[in-house]
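S.K.: So that we are looking at the same thing, I have put the structure below in structure tokens.
Bear in mind that the values in this text are calculations on the coordinates, not laboratory data. It should be emphasised that the depicted structure is a prediction, and the values quoted were computed from it without experimental measurement. A quick note on method: Cβ atoms are made from the backbone with ideal geometry, for glycine too, and the neighbour counts reach across all protein chains shown.
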Ligand SMILES: [Zn+2]
């Protein structure tokens with residue numbers, strides 16, 4: 001049964017009802033003058049042209065937004081909560097950057113009070129950037145995951161996170177053991193998975209920082225809890241690939257290290273996947289895995305150019321990730337811009353539709369949340385972002401001159417800066 005309408009927002013609306021890869025531009029519903037009607041408990045009642053819905057919802061109070069596009073909230077498919085203070089720290093590739101900037105920043109999260117303070121900052125930053133859902137790495141300390149879940153629960157956010165599993169090749173203060181990592185993950189799953197809108201992801205950092213035993217135990221957790229996700233990194237950097245070969249001799253390619261330990265399935269979300277061999281592409285798509293494309297970080301760390309075109313051809317589920325702190329912005333609009341440039345650097349193309357889909361419904365599907373969020377269809381949870389398409393004169397001009405939804409969405413992604421993002425709404429309520 002549909003909830004009774006409580007409030008309506010009148011603005012331009014854009015959302016995806018299917019994948020532009022399959023349905024082309026018809027996948028996007030765009031209403032220049034639209035009405036988003038929200039019911040009790042923050043559930044979408046209906047969205048469409050204001051002209052056709054005004055009479056039907058005549059008694060419902062209307063919030064009128066000027067120069068505003070309402071979009072489903074952005075989904076950040078890969079981000080690190082304890083790396084806020086490692087952001088914009090330059091110099092070196094992935095492995096150097098981890099040792100020099102990231103591990104020291106993550107060590108501070110052993111302190112529960114500090115983790116709680118940073119969780120507040122982190123979630124506020126996500127919302128300020130229009131991101132209403134994220135798949136998040138905590139640190140290896142259980143208390144960091146507890147702090148993040150507790151704050152996200154207070155804000156009623158749909159968020160998936162996990163404590164990092166890491167039992168080697170990292171400073172001792174950041175290492176757990178195969179046994180303690182599995183035990184703490186199990187405790188966190190029991191406490192937080194399914195609490196409110198929260199979900200859990202088993203989160204080994206990446207193959208180089210886990211022993212074979214720890215990865216096996218991660219696979220056992222996945223088997224034990226059939227609806228938690230697996231979230232890790234894969235084939236981000238060439239030196240990382242050499243390191244994996246050295247650590248797991250005779251095991252084939254990088255993906256097979258995860259495959260042999262039960263970590264490659266339709267619940268797996270792999271960040272990066274830049275340097276995959278031909279057979280790895282076939283296997284990873286056959287298993288129904290999702291990928292998080294993180295172009296901000298791939299450029300910042302010089303990791304390489306993700307083959308978005310190939311992933312799309314294989315009909316894989318793809319989300320966009322900021323990968324903060326390797327990425328130098330929380331803003332998914334900027335990730336869209338860099339995704340476009342990555343595609344151009346490869347000689348490929350990426351449309352506005354493809355980018356916005358990956359940032360909303362596609363990202364939700366990558367996290368297996370598309371039955372709850374990602375668009376404005378009736379029954380969906382009304383997490384959305386208000387974007388000011390006249391935030392600066394150049395954007396206002398370009399928006400006005402754009403003729404089609406494709407052109408408008410493309411221009412908004414290319415010309416957005418933080419003032420473009422006005423507000424985020426969680427379950428219909430203003431969240432920042
Ligand atoms: Zn990452």
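S.K.: Would you mind getting me the FRET efficiency between residue 313 and residue 429? Use the beta-carbon distance for r and R0 = 35 Å, nearest 0.05.
M.R.: 0.30
S.K.: With each pseudo-label sitting 7 Å past Cα toward Cβ, what's the residue 239-residue 150 distance in nm, one decimal?
M.R.: Reported label-point gap for residue 239 and residue 150 is 3.8 nm.
S.K.: Mind running the shape call on region 17-70? Use the C-alpha gyration tensor, a ≥ b ≥ c as the square roots of the eigenvalues: rounded below 1.5 for a/c, prolate if a/b tops b/c, oblate otherwise.
M.R.: prolate
S.K.: Something else now. Only Cα pairs under 8 Å and at least 6 apart count here; give the relative contact order of the chain as a rounded whole percent.
M.R.: Worked out over the chain, it gives 20 percent.
S.K.: Then there's this: Roughly speaking, what is the stretch gain from residue 266 to residue 41, that is 0.36 nm per residue apart minus the C-alpha to C-alpha distance, in nm to one decimal?
M.R.: Taking 0.36 nm per residue and subtracting the Cα distance, the gain is 78.0 nm.
S.K.: Hey, another quick one. Return the single residue from 366, 339, 110 with maximal mean-square fluctuation; model: Gaussian network over the chain, springs between Cα atoms under 10 Å.
M.R.: So, out of 366, 339, 110, the one fluctuating most is 110.
S.K.: Here's another thing I want to ask about it. Return an integer: the convex hull volume of the alpha-carbon atoms of region 119-227, in Å³ per residue.
M.R.: Taking only Cα atoms, region 119-227 has a hull volume of 96 Å³ per residue.
S.K.: Rounded to the nearest Å, what's the spacing between the alpha carbon centres of region 289-343 and region 1-71? Just the number, please.
M.R.: Region 289-343 and region 1-71 have Cα centres separated by 29 Å.
S.K.: What's the FRET efficiency of residue 377 with residue 213 using the Cβ-Cβ distance as r and R₀ = 60 Å, to the nearest 0.05?
M.R.: It comes out at approximately 0.85.
S.K.: Specify whether the C-alpha gyration tensor of region 338-405 places it in the rounded, prolate or oblate class, a ≥ b ≥ c being the square roots of the eigenvalues: rounded for a/c under 1.5, otherwise prolate if a/b is larger than b/c and oblate if not.
M.R.: oblate
S.K.: Can you sort 350, 95 so the residue with the fewest Cβ neighbours within 10 Å comes first?
M.R.: 95, 350
S.K.: Let me ask another. Using a Gaussian network model of the chain whose springs link C-alpha atoms within less than 10 Å, name the residue from 163, 341, 26 with the highest mean-square fluctuation.
M.R.: Its mean-square fluctuation being the largest, the pick is 26.
S.K.: Something else: Can you sort 78, 231 so the residue with the fewest Cβ neighbours within 10 Å comes first?
M.R.: 231, 78
S.K.: Here's something else I'd like to know. Give me the Kirkwood hydrodynamic radius of region 74-366, using the inverse of the mean 1/r over all pairs of distinct Cα atoms, in Å to one decimal.
M.R.: One decimal place: 18.5 Å for the Kirkwood radius.
S.K.: Go ahead and run the numbers for FRET between residue 220 and residue 346, Cβ-Cβ distance against an R0 of 51 Å, rounding to 0.05.
M.R.: 0.85
S.K.: Further, regarding this structure: Just to be sure I understand: with springs between alpha-carbon atoms less than 10 Å apart, which residue in 69, 247, 159 has the highest mean-square fluctuation in the Gaussian network model of the chain?
M.R.: 247
S.K.: Residue 168 to residue 124: extension gain in nm, 0.36 nm per residue of separation minus the Cα-Cα distance?
M.R.: Gain in length upon complete extension: 12.6 nm.
S.K.: At 222 nm, what value in deg cm²/dmol follows for the chain if DSSP H runs of at least 4 each add -39500 (n - 2.57) and the sum is divided by all its residues, to the nearest 500?
M.R.: Per the formula, -10500 deg cm²/dmol.
S.K.: Another one. For a quick check: sort 23, 294, 175, 143 by the number of other beta carbons within 10 angstrom, fewest at the front.
M.R.: With the fewest neighbours first, 23, 294, 175, 143 line up as 23, 175, 143, 294.
S.K.: Determine the shape class of region 371-432: with a ≥ b ≥ c the square roots of the Cα gyration tensor eigenvalues, call it rounded for a/c under 1.5, and otherwise prolate if a/b is greater than b/c, oblate otherwise.
M.R.: oblate
S.K.: Next question. Looking at the chain, send over the antiparallel percent of its DSSP beta bridges, to the nearest 5.
M.R.: 45 percent
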